[in-house]
Amino acid sequence: MVLDNLGSSLRGTMDKLRGKSRLDEDDVQEIVKEIQRSLLQADVEVDLVMDLSSNIEERALNEEPPGGTSARDHILKIVYEEMVEVVGDSTEIPLEPQTIMLAGLQGSGKTTTAAKIAWWFAKKGLRPAVIQTDTFRPGSYQQAKQMAENAEVQFYGDPDAEDPVKIARDGLEATEDADVRIVDTAGRHALETELIDEIEEIERTVDPDRNLLVLDAAIGQGAKEQAREFDDAIGIDGVTITKLDGTAKGGGALTAVNETDSSIAFLGTGETVQDIERFEPDGFISRLLG
Ligand code: GDP
């Protein structure tokens, strides 16, 4: 059954419906309220929560459960389908030569994610390289180099260079042997013009096959603006949500994929290079509703 591991309070509400073959308006409203509460707590953006819940409400009230389906299973199916509609399948990441560029604010987990994705490709039998173009955050070169070492993948960076575009260009040349290049970019604390200009220029030079937006799971309502700005600047093909090993549920990812019409590629679940998973909708949706 879908959504088997629902959070306790929604499950409690759902379980009260056991044995019922039809839902009345009060039942539906109680469930919809519970879903709204869970999604808002998981940091899903308010407008999106409202859209989702009104779709669920309308369908639950108007659609007849197919014969033999209990009211409880019927509404669970509706909730699941509406959530999947927004979150989608995981971003397609073919196991072939390609260049992936990472974008995101400082501290979102880009450098860590770059090494993780490289590790993931290496495990699949490809030859990845990490190119570190962050000249803004002190220590980023050392950190990226160390993490690439941990992932046992090729690394290019230049601690003395000041121009990230030149590092990117040199990095592509220096990693010709690799088949997958992961290009890490600098972040800033906020969406400054300088950051957007820089990332646009790097993207023109690198011409990546995919741009992934890296978001901290704890990002709340700010996800929408970030996703919009990066999407306008470089086009976002997928989202990676980091720090899902913490308490944050990562609802910002839902907002971001909705805003950029993209999907979720990877989940970060810890600080080491192995702490990466491909996105998979069921677990993520249960977590958001939990
Ligand atoms: P950047 O500024 O975007 O490059 O961010 P970093 O890669 O330096 O990450 C910022 C901090 O978050 C570091 O302390 C990382 O170890 C930590 N971090 C990144 N991803 C994860 C994750 O999935 N889980 C946990 N617990 N920490 C993470």
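The values are calculated or read from the model by the stated rules, or taken from the named source; none is laboratory data. Note that the structure is predicted; figures quoted are calculated from it, not measured. Using ideal geometry, Cβ is built from the backbone for each residue, glycine included, and neighbour counts are taken over all protein chains shown. These accessible areas exclude ligands, DNA and RNA; they are computed on the full protein's heavy atoms, side chains included. Shrake-Rupley method; radii C 1.70, N 1.55, O 1.52, S 1.80 Å.
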Item to complete: Please identify the pairs in which a residue from the range 267-286 that is within 14 Å of Tyr80 (Cβ to Cβ) has its Cβ atom under 6 Å from the Cβ atom of a residue that is away from the ligand (no atom under 15 Å from the Cβ) and not in a loop (DSSP other than H, G, I, E, B), counting only partners at least 6 apart or on another chain.
Response: Pro281/Val84; Pro281/Val87; Ile285/Met83
Worksheet item: Pick from the range 182-193 the residues that are open to solvent by 40 Å² or more (accessible area, probe 1.4 Å) and not small (Gly, Ala, Ser): which of them is nearest to Trp119 (Cα to Cα)?
Response: His189
Worksheet, complete the sentence: Flagged in the range 113-132 as in contact with an Asp or Glu (Cβ under 7 Å, 6 or more places away or on another chain) and either acidic (Asp, Glu) or within 13 Å of the ligand (Cβ to nearest atom) (or both), in numbering order, are Ala114, Lys116, Val130, Gln132
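The rows are residues; the columns are (1) under 26 Å from Asn150 (Cα atoms); (2) within 17 Å of the chain's Cα centre (by Cα).
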site	(1), (2)
Glu192	no, no
Lys224	no, yes
Ile234	no, yes
Thr242	yes, yes
Leu254	no, yes
Ile264	yes, yes
Ile276	yes, yes
Practice prompt. Evaluate the following for Arg137: is it at pLDDT below 95 and within 15 Å of the ligand (Cβ to nearest atom)?
Written response: yes
Worksheet item: So which of Leu95, Leu126 is farther than 30 Å from Ala190 by Cα, open to solvent by 40 Å² or more (accessible area, probe 1.4 Å) and touching a residue at least 12 places away in the same chain (Cβ under 8 Å)?
Response: Leu95
Response to the item:
Note on Thr255: of the conditions (1) within 16 Å of the ligand (Cβ to nearest atom); (2) open to solvent by less than 10 Å² (accessible area, probe 1.4 Å); (3) closer than 23 Å to Gln41 by Cβ, unmet is (1)
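Condition test on Gln274, is it in a helix (DSSP H, G or I) and of a type in the set (S, T, N, Q)?
Answer is no for this residue.
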Worksheet entry | Single condition Glu149 does not satisfy, out of (1) open to solvent by less than 40 Å² (accessible area, probe 1.4 Å); (2) among the acidic types (Asp, Glu); (3) within 16 Å of the ligand (Cβ to nearest atom) | (1)
Discussion item. Looking only at the range 258-268, how many residues end up being within 16 Å of the ligand (Cβ to nearest atom) and either touching a Pro at 6+ places or on another chain (Cβ under 6 Å) or polar (S, T, N, Q) (or both)?
Written reply: 0
Fill in: Count of residues meeting criterion [aliphatic (A, V, I, L, M) and away from the ligand (no atom under 15 Å from the Cβ)] in the range 224-246
4
Practice prompt. Return a yes/no flag: does the range 155-164 have any residue that is out of contact with any strand residue (DSSP E or B) (no Cβ under 6 Å at 6 or more places or on another chain), over 13 Å from Ile276 (Cβ atoms), without any contact (Cβ under 8 Å) to a residue 40 or more places away in the chain and buried (at least 22 other Cβ atoms within 10 Å of the Cβ).
Written response: yes
